[in-house]
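Beneath this line is the structure, given in structure tokens, with notes to follow.
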Amino acid sequence: MTKQPNFLFIITDQHRADHLGCYGNPVVKTPNIDGIAAKGRRWNRFYVANPICMPNRASIMTGRMSSAHGARHNGIPLSKDHTTFVELLKDAGYRTGLIGKSHLQSFTGLPASNTFKAEPGRTAPSAHLRDAFKNNRHSADYDLEVTPKWDRPLADRLEGDFYGFEHVKIAADHADQANGDYLLWARDQRSDYDTLVGPDNAIPDNRISAPQAWRTAVPEELYSTNWIADQSETWLQERAADNAPFFLQMSFPDPHHPFTPPGRYWDMYDPSDIALPSSFGKGDLPPIRAMQEALATGSDPRDNQNPFAVTEDEARAIIALTYGMITMIDDAIGRVLARLESLGLADDTVVIFTSDHGDYMGDHGLMLKLLLHYQGTIRVPFIWHDPKNPGGSLLENGLASSIDISATILARAGIQAFNGLQGRDLFSTEPPEAIIVEEDSQRVMTGFDRPQRVRTVVTDQYRMSLRHGETWGELYDLGSDPDEIHNLFDDPSGASIRHELTDVMLRRMIDLQDRAPLPAYRA
């Protein structure tokens, strides 16, 4: 039997496709990631299944849409009743490791706003009957990533593996406020570590001013990006003595906000050298107008997870800091790739790079993500280098999705997929006619009076988004309007296109209806 390959699966957080040199960015320095693309294949039309952390990470793990695995938005963990592709790898004899961000379970510990509420005048169901699922993922088994309870390593609190990972070292949350196993380690390195983190302990610097941005006092060597690289190198060193193949997920919490690149990465890029997106200040959708008004009146705190509008100077500053975070990640990846080479593992290791979702990063004058499915938030990088079948900087233009990652890895490992996996092997199947993106928001955000449910269809030429309970939608011709400025949804010229895309969307959503579980009997 042919030797099964190793896999190094690199994933960043909130990292849009065009924030890499190999995707055409002329400013950000990413030579190591670009090097993976130069030897391998790069997908140009790779989209998330859901543009939010927990749902899309669950979709990557299961190869299933969030409507199938049930983790519809942040705050709903991935059920342990759902099979992951990592479990199949482990079942087939792979050594499996997860180092860095997981976010398959919640880590804030904050109460949810959309909980069951008893209705006056009616008999409320008993507690165990208040949800459609009796196992509704509210037990202690799903509190493993809650950071206020993280008093000892996650590995010490596990019984068995973690969604298929036998080795886990987790960095929860983001930027210089990352915690979890990483924070336990950092406190061991410096007893005063807690006095280095957060805006109150930041190094004074009045050259850059923007929401959620501060010059962290955490030195580069203690920052989570370096810790993840160090831990990954150590685990790979241990694997060099094994005969078994391995799968390592190296998962960086950056470049997700807050924007706190440490040391030399803070001022590596000058905001004055940053060009604004061509769509900056353009677009008149209701939530964009509401966020612009909130910026003008100062009514939006802009210090949480909700998207917000920014000024030109703020956009340039945030993009410059994000580039610093990305270059730090690239440097860390370079170290790990060099260690693969020195250990003699590179020739047998498939290297994969992607992100869990993107960020507006100034598109239409906005920052962060949620609610609006512009290309910056739903299109992410996907790079694959197989030393046994190098692509030689091949560009793939077919539509692809985060749900395809698991199927492609399993196929390359020679492992049959489980029933109900909805993704496709990118190398043995034709691209679909359309990609579906799902999003259910957990809370009300600026510009809306209710949590949103959005469904998006993307084809070779168009993007159309429909939202429940709203009177407006979105339709863009990506060929003539790549910046998604001219909304054709209610334009008479777009009526026939809208009708056609609705048909395409329905057929693709039917195709993605669940085919699990398997029947026990014929009838």
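The values are calculated or read from the model by the stated rules, or taken from the named source; none is laboratory data. Computed from a prediction, not measured in an experiment: that's the story for all the values here. A quick note on method: Cβ atoms are made from the backbone with ideal geometry, for glycine too, and the neighbour counts reach across all protein chains shown. Each accessible area value is taken on the protein alone, full model and side chains, heavy atoms only, with ligands, DNA and RNA left out. Shrake-Rupley method; radii C 1.70, N 1.55, O 1.52, S 1.80 Å.
Quick rundown of the values:
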quantity: Matching residues in segment 447-498 - criterion: being surrounded by fewer than 20 Cβ atoms within 10 Å (Cβ to Cβ), in a strand (DSSP E or B) and not charged (D, E, K, R); calculated: Leu466
quantity: Selection status of Leu88, modelled with pLDDT of 95 or more and under 23 Å from Ser355 (Cα atoms); calculated: yes
quantity: Hey, Val437 in a strand (DSSP E or B), in contact with a Ser or Thr (Cβ under 6 Å, 6 or more places away or on another chain), in contact (Cβ under 8 Å) with a residue 24 or more places away in the chain and surrounded by 12 or more Cβ atoms within 10 Å (Cβ to Cβ) or not; calculated: yes
quantity: Among (1) surrounded by fewer than 19 Cβ atoms within 10 Å (Cβ to Cβ); (2) within 24 Å of the chain's Cα centre (by Cα); (3) within 24 Å of Lys90 (Cβ to Cβ), the one test that Gly198 misses; calculated: (3)
quantity: Candidate set from segment 220-256 (those that are in a helix (DSSP H, G or I) and without any contact (Cβ under 8 Å) to a residue 60 or more places away in the chain); member that is nearest to Tyr193 (Cα to Cα); calculated: Leu222
quantity: Test: residue in segment 499-512 that is touching a strand residue (DSSP E or B) at 6+ places or on another chain (Cβ under 7 Å), in contact (Cβ under 8 Å) with a residue 12 or more places away in the chain and in a loop (DSSP other than H, G, I, E, B); calculated: yes
quantity: Elements of type strands (runs of 3 or more DSSP E) in segment 298-409, at least 3 residues being open to solvent by less than 10 Å² (accessible area, probe 1.4 Å) and of a type in the set (S, T, N, Q); calculated: 349-355
quantity: Any chance Gly180 is within 24 Å of the chain's Cα centre (by Cα), over 21 Å from Leu236 (Cα atoms), open to solvent by less than 50 Å² (accessible area, probe 1.4 Å) and at pLDDT 95 or above; calculated: yes
quantity: Conditions (1) surrounded by 19 or more Cβ atoms within 10 Å (Cβ to Cβ); (2) more than 30 Å from Ala520 (Cα to Cα); (3) touching an Asp or Glu at 6+ places or on another chain (Cβ under 7 Å); number of the one not met by Arg424; calculated: (2)
quantity: Residues of segment 130-151 satisfying the condition of being part of a loop (DSSP other than H, G, I, E, B), loosely packed, with under 13 Cβ neighbours inside 10 Å and either touching a residue at least 60 places away in the same chain (Cβ under 8 Å) or of a type in the set (Gly, Ala, Ser) (or both); calculated: Ala132, Phe133, Ser139
quantity: Within segment 1-46, considering residues that are under 20 Å from Asp356 (Cβ atoms) and acidic (Asp, Glu), the one surrounded by the most Cβ atoms within 10 Å (Cβ to Cβ); calculated: Asp13
quantity: Qualifying positions in segment 410-419 - open to solvent by 10 Å² or more (accessible area, probe 1.4 Å) and either under 17 Å from Thr62 (Cβ atoms) or assigned to a loop (DSSP other than H, G, I, E, B) (or both); calculated: Ala411, Gly414, Ile415, Gln416, Ala417, Phe418, Asn419
quantity: Residues being hydrophobic (A, V, I, L, M, F, W, C) and either out of contact with any strand residue (DSSP E or B) (no Cβ under 9 Å at 6 or more places or on another chain) or part of a helix (DSSP H, G or I) (or both) - total across segment 35-75; calculated: 10
quantity: Residues (open to solvent by 10 Å² or more (accessible area, probe 1.4 Å), at pLDDT below 95 and of a type outside the set (D, E, K, R)) located in segment 56-72; calculated: Gly70
quantity: Set Leu129, Leu98: member being hydrophobic (A, V, I, L, M, F, W, C) and touching a Lys or Arg at 6+ places or on another chain (Cβ under 9 Å); calculated: Leu98
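Residue-wise test of (1) open to solvent by 30 Å² or more (accessible area, probe 1.4 Å); (2) modelled with pLDDT of 95 or more; (3) assigned to a loop (DSSP other than H, G, I, E, B); (4) closer than 27 Å to Leu89 by Cβ.
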| position | (1), (2), (3), (4) |
| --- | --- |
| Gly109 | yes, no, yes, no |
| Ala118 | yes, no, yes, no |
| Pro125 | yes, no, yes, no |
| Ala171 | no, yes, no, yes |
| Asp188 | yes, yes, no, no |
| Ile208 | no, no, yes, no |
| Thr216 | no, yes, yes, no |
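This table checks each residue for (1) at pLDDT below 95; (2) under 28 Å from His385 (Cβ atoms); (3) acidic (Asp, Glu); (4) touching a strand residue (DSSP E or B) at 6+ places or on another chain (Cβ under 8 Å).
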site	(1), (2), (3), (4)
Gly447	yes, no, no, no
Val458	no, yes, no, yes
Gly473	no, no, no, yes
Ala495	no, no, no, no
